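Everything below concerns the one structure shown next.
The values are calculated or read from the model by the stated rules, or taken from the named source; none is laboratory data. Owing to the predicted nature of the structure, the values given are computational and were not obtained by experimental measurement. Counting neighbours? That spans all protein chains shown, and the Cβs are built from the backbone with ideal geometry, glycine included. Side chains are part of the model used for accessible areas, which takes the heavy atoms of the whole protein and leaves out ligands, DNA and RNA. Shrake-Rupley method; radii C 1.70, N 1.55, O 1.52, S 1.80 Å.
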Amino acid sequence: MKPKPVKLKVLIRPKTSSGGYPLIEVPPGIADNFLGSSNKKRMVVTFANGWQAHRALQRSKNGETFILLGGKTLKEAGLILGDETQLTLQEDTSKYGMPMPEEFQEVLNQDEEGRQLFEQLKPGLQRSFLYYINTAKMVDTRINRSLQLIERLKTGDLSRGNQ
């Protein structure tokens, strides 16, 4: 049975005392409920302003449990380092751990070879594709990125990761 969404108050802090990516620490009891015996699980983080981010809940070698955010995520959530905020964590049940852009789904529906090549990619590279397409604000740009990425996969001009 998958864990229910959890609301918690967190502090946005840098990864280390000398800086690094912004992160939120997830209390061990909450993290263990989602992670079980694994060290990483895809999550949906919903911030107080309603903005959602798909990120990984991770357990470090020393047992710390956290979610890396990145500067763009903070900006979208309306936060800065040092802020304390309320958020909701829930397990990401999407197929790729990232939203599928409509435009890319339509390209995959119409291009069987492209769909097969995309499905052969490692999960992290699939998420990178989806993230890149999703960052475009204009529909035409998302369509163009979708077509270009599939074409580059077909021609071998794009790394497919270690297969």
* Loop chymotrypsin sites (Phe, Trp or Tyr not before Pro), the stretch 101-163, which have at most 12 other Cβ atoms in a 10 Å radius of their Cβ (DSSP) -> none
* Structure fact -> For the chain, inverting the pair-averaged 1/r of distinct alpha-carbon atoms gives a Kirkwood value in Å of 17.3
* **Point-to-point label distance, residue 15-residue 132, nm (Cα→Cβ direction, 7 Å offset)** => 2.2
* Structure fact -> With only helices counted (DSSP H, runs n ≥ 4, each -39500 (n - 2.57)), the per-residue ellipticity at 222 nm for the chain, to the nearest 500, works out to -11500 deg cm²/dmol
* Additional length obtainable on full extension of the chain from residue 30 to residue 64, 0.36 nm per residue less Cα span -> 11.0 nm
* Asked: Carbon and sulfur together cover what percent of the accessible area of the stretch 1-42 at a 1.4 Å probe radius?
  -> 55
* Asked: Quick one: accessible area per residue over the chain, 1.4 Å probe, rounded to a whole number of Å²?
  -> 59
* For the residue pair residue 2 and residue 75, what label-to-label distance in nm results when each label sits 7 Å from Cα along the Cα-to-beta-carbon direction? -> 3.1
* Structure fact -> So the FRET efficiency between residue 120 and residue 85, C-beta based with R0 = 41 Å and rounded to 0.05, is 0.60
* Structure fact -> With label points set 7 Å from each Cα along the Cα-to-Cβ direction at residue 40 and residue 102, the distance between them in nm comes to 3.2
* Top mean-square fluctuation among 53, 136, 31, Gaussian network model of the chain, C-alpha springs under 10 Å? -> 136
* Structure fact -> Which of 9/95; 15/40; 75/122; 75/95 exceed 21 Å between C-alpha atoms? The answer is 9/95; 75/122; 75/95
